[in-house]
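The values are calculated or read from the model by the stated rules, or taken from the named source; none is laboratory data. Since the model is a prediction, treat every value here as computed from it, not as a measurement. All Cβ positions, even for glycine, are placed from backbone atoms using ideal geometry, and neighbour counts span all protein chains on display. Accessible surface is based on the protein model in full, side chains and every heavy atom, while ligands, DNA and RNA are left aside. Shrake-Rupley method; radii C 1.70, N 1.55, O 1.52, S 1.80 Å.
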Amino acid sequence: MVTGPVRVLISTAVLCSLHVGSAAAQADGGLGGRRFTVRDSIETADFTDVGAVSPDGRWFATATQRGMLSQGVTEGTIWLFDAANVMRRFPKSTTSAVPTPTALARLTASINGGGGDLGHGNIIMRPTWEPDSHALLFLGRSGRENRQLFRVSVSDHALTALTPATQDVVHFSTAGEEVLYLAGPDVASDRVWWSNDPSAPDIVDGTGESLLDLLYPAFKTNARYMPTEFEVWRVRNGVAAPIVDAATGKPMRVLGSYYVGAIGVSRDGSKMVVIAHADRIPVAWERYEVPKDLDSEPFHADPPTAAGSDVPLTVRKGDYTRGLQYQLIDLVGGTRHPLFGAPATDFLRGGVDESQVAWSPDGRFVAVTGTFLPLDIEGVAEARTHPCGAAVTSVDGAEVECLIDHRSPKSGPVSKLTWSDTGSRLAIHLDGSATMEFERTGGHWRLSGRHPSAAPALTLTVRQDLNVPPVLFARDARSGQEVRVLDPNPQLKNIALGEVTTWSGKDPRGHVIHGQLAKPPDFVPGRRYPLVVQTHGIVRNRFFKTGFDSETANAGRVLAGRGILVLQVGEPHNESDGTWREATERGTEVYLAAVDQLAREGLVDPRKVGISGYSRRGPFVLKALEEAPERFAAAFVTNAEPGSMFGYFAFVDRRSPGDTKRMADFLAGAPPYGDGLQKWFDRAPGFLTDRIRAPVLISAGDPDHLIALWSLYAPLRDQGKPVELQYIRNGQHNLTKPLEIFAHQEMLVDWFDFWLNGHEDPNPEKAAQYARWRELRRKQSSKN
């Protein structure tokens, strides 16, 4: 069991370094201010929800989030604007300042919220106006992991928690004055890694259990494992109570996903539709056309069971790739069954906004997005095995029609579904740009028109780019003018950020490499700089802070502030995806081609190249270090499987029946038995560590990753190679706690600055760190 004193000691060390500050933080950049630091990166605010205008048009609200290192928490804020005050700026009033917005609600927490969390570590999520515009509903975290449903009044700013603190609210939807929601189990990050869980039996039958679950019995619940059983609850007159299952007499439950969700309640509050993992997957579902990419799995039929019976819950909960399905819940009768006999399309990974449900006013029909259609639809000439972008079904499932073919070039992501008051017409809004209107005639739905979506009187937009931090603008539809209404980062104006530009090249196979190049604030053309290659993809048209959309393994703008060029790479997909060749063809070849091109352009010193990777790119980076050991001067690997046999065995009975095969295919091309064992010796990165020359900093974000990465750290350590290990006990795959992010990124930046620039931060709290690294350098030099 992880104990309190360990966490306190770690936090104290981080806080000491915060107060002292780094050399880069204290140095004046000379070009608009000091250099960008890890602290600046963490405390830069971002918009977590652009927001919307209230139904009566009087208000609009937006949500921001920032880290607060001095308190060790993340802060989420809902900002309230008087729309009339903003509108007065239009069309000619350009001199008056927009009135300061009101902080309508503010919550803080230090939580692990990534991975299987639709909020991705956000403190405030999905602000939703009540129909009368008197209040906002939203999901929020107040001091702990669980998301509660809150209501905040516009008039007096009274903040009320509508759901218990012991529930984790996953999705919600309103019906009149009632709110229906799905409640996940109580979550607490301080219990995730309990190995001596008092509630767990001392002696267990471990057959069929994963190593992780046996070592840490509290992991599944507290780490938002999926699939997970969610209870169906309702808030009525301010009181939360469960919907009772008529068959069990207990709260109604659905087997849901933290990644994909949708919930829609009929206007009379008698029925609701949710997305949940299917109770049964028939053989016919294997005929559906599933996209072939890394995040998709074809449907696999369940083993035969007694006629009409569901697959056992233990089987369904053991497969995170299990197909999802829209399900209909009778809130009065307490029953649940599939809405119609087909799966939802986004069955593995996605976002809460990608799946939507809208009821017709009379409750006869339900419109949904992202679904397949039943294969036996009457009157359909050909089997509908491909996805449907938007469909309408009768409540009894007898009538199902696809309105927008997922493959149609005229379709796009659906942003909203709107029924007419009579229920005979349905408007499908495509990503805010166009609207397709359908009308029910002769028992079928027909396209009656397509036109540009009408712009509301006032629209909100967050504008940012690689070099401009996010700012909220309001746009007047009548004049077309825009006005800046909220800059959440005025402090960045005094910091020398440097410049980030787009970059492109080609790998040896002719694939285009897309990237972003961050330059030091005092960049001098013609000078060759050290380079750090950051992997895992690029995020376009967003302020370049760390580089990729993760705080883990990335610190791009801070590294640039230390005088290092940073190339954020988007590895192109190719035919090798999913095979043991992927790490070479999407990794080594891409990285070396990029370095060579930058060297030819006179930007990079090829003798001073570092590389950083995590998750799936961890093996990519290790392959590069092993296949081209002379090309890299330093490396950073975190939260990855290094390609060891122990790591492979740890996936047995882990999350999905196909995990071990996917891992074997990816690392070696065969399971490690018989003739396949030699393939592991020849191909798997974990067996080739003797080739690595570069100093490697390894960071493990939790006990699970420490177990995996020990198979990289121990061989390097045993061979006397320069290796350093950082361990964060209570973190996760994508770090979200400010103090953990600070410790992680600060060491990453120091590591590359030391090995590529020869610099040491004079912060006395880091003296022991540099003493170790100087000894590593001395030993490395003596061997060369």
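Before moving on, here are some points about what is shown:
- The set of residues in region 416-430 that are open to solvent by 60 Å² or more (accessible area, probe 1.4 Å) and either closer than 9 Å to Ser453 by Cβ or not in a loop (DSSP other than H, G, I, E, B) (or both) comprises Lys416, Arg425.
- Failed item, numbered, when Tyr225 is tested on (1) hydroxyl-bearing (Ser, Thr, Tyr); (2) in contact with a helix residue (DSSP H, G or I) (Cβ under 8 Å, 6 or more places away or on another chain); (3) over 23 Å from Thr163 (Cα atoms): (3)
- Count of residues meeting criterion [in a strand (DSSP E or B), open to solvent by 30 Å² or more (accessible area, probe 1.4 Å) and small (Gly, Ala, Ser)] in region 460-509: 1
- Of all the residues in region 115-136, those that are at pLDDT below 75 and surrounded by 21 or more Cβ atoms within 10 Å (Cβ to Cβ) number 3.
- Residue within region 539-554 that is among the aliphatic types (A, V, I, L, M), open to solvent by 10 Å² or more (accessible area, probe 1.4 Å) and at pLDDT below 95 present: yes
- Just one of the listed residues (Ala188, Ala200) is in contact with a Pro (Cβ under 9 Å, 6 or more places away or on another chain) and more than 24 Å from Ala262 (Cα to Cα), namely Ala200.
- Strands (runs of 3 or more DSSP E) completely within region 137-223 that count 1 or more residues being buried (at least 22 other Cβ atoms within 10 Å of the Cβ): 148-153, 168-175, 178-184
- The set of residues in region 431-459 that are open to solvent by less than 50 Å² (accessible area, probe 1.4 Å) and hydroxyl-bearing (Ser, Thr, Tyr) comprises Thr435, Ser453, Thr459.
- In region 285-300, the count of residues that are within 28 Å of the chain's Cα centre (by Cα), farther than 30 Å from Pro572 by Cβ, crowded, with 16+ Cβ neighbours inside 10 Å and acidic (Asp, Glu) is zero.
- Test result for Glu585, buried (at least 19 other Cβ atoms within 10 Å of the Cβ), among the acidic types (Asp, Glu) and farther than 20 Å from His733 by Cβ: yes
- Against the test of being touching a residue at least 60 places away in the same chain (Cβ under 8 Å) and assigned to a helix (DSSP H, G or I), the options Gln678, Gln732, Gln780 yield a single qualifying residue, Gln780.
- Matching residues, region 332-359, being aliphatic (A, V, I, L, M), within 12 Å of Val274 (Cα to Cα) and either modelled with pLDDT under 85 or assigned to a loop (DSSP other than H, G, I, E, B) (or both): Leu339, Val352
- Filtered residues of region 677-726 (kept if open to solvent by less than 10 Å² (accessible area, probe 1.4 Å) and among the small types (Gly, Ala, Ser)): Ala684, Ala694, Ser699, Ala700, Gly701
- Condition check for Lys661: among the charged types (D, E, K, R), touching a residue at least 40 places away in the same chain (Cβ under 8 Å) and open to solvent by 10 Å² or more (accessible area, probe 1.4 Å): no
- If you go through region 742-772 and pick out every residue that is closer than 15 Å to Arg693 by Cα and in contact with an Asp or Glu (Cβ under 8 Å, 6 or more places away or on another chain), you end up with 0.
- Taking the criterion of being open to solvent by less than 30 Å² (accessible area, probe 1.4 Å) and assigned to a helix (DSSP H, G or I), the residues of region 618-647 that qualify are Gly618, Pro619, Phe620, Val621, Leu622, Lys623, Ala624, Leu625, Glu626, Pro629, Gly647.
- Counting the residues of region 519-546 that are within 15 Å of Ala599 (Cα to Cα), among the small types (Gly, Ala, Ser) and either in contact with a strand residue (DSSP E or B) (Cβ under 9 Å, 6 or more places away or on another chain) or not in a loop (DSSP other than H, G, I, E, B) (or both) gives 0.
- Tally of residues being closer than 18 Å to Arg616 by Cα and in contact with a Gly (Cβ under 7 Å, 6 or more places away or on another chain) across region 671-710: 7
- Being open to solvent by 20 Å² or more (accessible area, probe 1.4 Å), touching a Leu at 6+ places or on another chain (Cβ under 7 Å), not in a loop (DSSP other than H, G, I, E, B) and not aromatic (Phe, Trp, Tyr) is a condition met by at least one residue of region 235-254.
- Tabulated pairs, region 219-233, first within 12 Å of Trp194 (Cβ to Cβ), second open to solvent by less than 30 Å² (accessible area, probe 1.4 Å) and in a loop (DSSP other than H, G, I, E, B), C-beta under 6 angstrom, 6+ apart or interchain: Phe219/Val192; Asn222/Val187; Asn222/Ala188; Asn222/Val192; Ala223/Val192
- Single match in Asp690, Asp665 (criterion: at pLDDT 95 or above, farther than 21 Å from Lys506 by Cα, in a helix (DSSP H, G or I) and under 31 Å from the mean Cα position of the chain (by Cα)): Asp665
- Looking only at region 735-765, and only at residues there that are part of a loop (DSSP other than H, G, I, E, B) and more than 32 Å from the chain's Cα centre (by Cα), the one that is surrounded by the most Cβ atoms within 10 Å (Cβ to Cβ): Asp761
- Taking the numbered list (1) within 30 Å of Ser415 (Cα to Cα); (2) at pLDDT 90 or above; (3) open to solvent by 50 Å² or more (accessible area, probe 1.4 Å); (4) in a loop (DSSP other than H, G, I, E, B) in turn, Pro91 passes all entries but (2).
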